[in-house]
1. Per Stokes-Einstein, at 25 °C and 0.890 mPa s, what whole-number D in µm² s⁻¹ belongs to the range 1-155, with the Kirkwood radius over Cα pairs as the hydrodynamic radius?
2. Whole Å is fine, so just give me how far the alpha carbon centre of the range 1-73 lies from that of the range 101-145.
3. Over the chain, what is the relative contact order in whole percent, taking alpha-carbon pairs under 8 Å and six or more residues apart?
4. So, for the range 27-93, what is the accessible surface per residue at a probe of 1.4 Å, expressed in square angstrom?
5. Could you tell me what percent of the accessible area of the range 69-157 is made up of carbon and sulfur, with a 1.4 Å probe and every protein chain present?
6. Can you list residues whose amide H is under 5 Å from Gly70's amide H, if they're 5+ apart or on another chain and H is modeled 1.01 Å from N?
7. Determine the equivalent ellipsoid of the range 79-160 by diagonalising the alpha-carbon gyration tensor, then write out the semi-axes as square roots of 5 times the eigenvalues, largest first, rounded to whole Å.
8. Toward the positive end of the charge dipole of the chain, about the Cα centre and with charges on Cβ (Lys, Arg +1; Asp, Glu -1), which of Leu165, Val115, Met24 goes farthest?
Amino acid sequence: MTGRSGGPPLVGILMGSDSDLATMEQAARVLEEFGVGYEMTIASAHRSPARVERYAAEAESRGLQVLIAGAGAAAHLAGVLAGRTALPIIGVPLAGSSLGGLDALLSTVQMPGGVPVATVGIGGARNAALLAVQILGTADPGLRERYRAYRARLAREVDEKAARLAPRGEPGMVPPTAGGEAG
Ligand code: RP5
């Protein structure tokens, strides 16, 4: 398996094809920002089902805690992984097919009862990684604090954007406040 890490890999990033790499690398970059070890590989539920099964069977014993699976078209990678491991699976439906990702979204999100896949939006690799950070943060206060700081930064950015717009604001509009919430 192709591996890249910033510490022992806790998150496994899988994708159905190398054509998914540009999007799925966004998840890797987020994990790097948060100092979370990860590994990344390609495995296809349809073209290499044995590889997917082997990865799922070994993931937990190798110390992985969350799997992120990105696939496009008739996307079954996340679902197959979910059926083979008790680790939480985050599915990333990918655009690229003639249906623009709607096919992958429905294939990924519509799991049968009992076998959930936490599905983010089409192309939502960044959000997938952030959700992985939140999951890992439930047992890692330092990581949770880094995530909180990230959210505070997002809120500040909204405040700054609102402040730039303020001269054109409507009378009575609530002025931006420091540390306000993103909405
Ligand atoms: C899916 O089919 C992959 O995840 C990819 O998004 C899509 C197309 O794959 P390639 O034909 O580009 O390899 O299984």
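The values are calculated or read from the model by the stated rules, or taken from the named source; none is laboratory data. On a predicted model such as this, the values are computed, not experimentally measured, just so you know. All Cβ positions, even for glycine, are placed from backbone atoms using ideal geometry, and neighbour counts span all protein chains on display. Areas reflect the complete protein model, heavy atoms only, side chains present, ligands, DNA and RNA absent. Shrake-Rupley method; radii C 1.70, N 1.55, O 1.52, S 1.80 Å.
1. Working: Rh = 15.2 Å.
Estimated via Stokes-Einstein, D reaches 161 µm²/s.
2. Cα centres, the range 1-73 to the range 101-145: 13 Å.
3. Working: 341 pairs, mean separation 33.5, N = 183.
Relative CO of the chain lands at 18 percent.
4. Values: 2620 Å² over 67 residues.
Heavy-atom accessible area per residue stands at 39 Å².
5. Numbers: 2470 of 4290 Å².
Exposed carbon and sulfur together represent 58 percent of the surface.
6. Long-range HN contacts for Gly70: Leu14, Met15, Gly16, Val92.
7. On the way: eigenvalues 148, 74, 12 Å².
Whole-Å semi-axes of the equivalent ellipsoid: 27, 19, 8.
8. Farthest towards the positive pole: Leu165.
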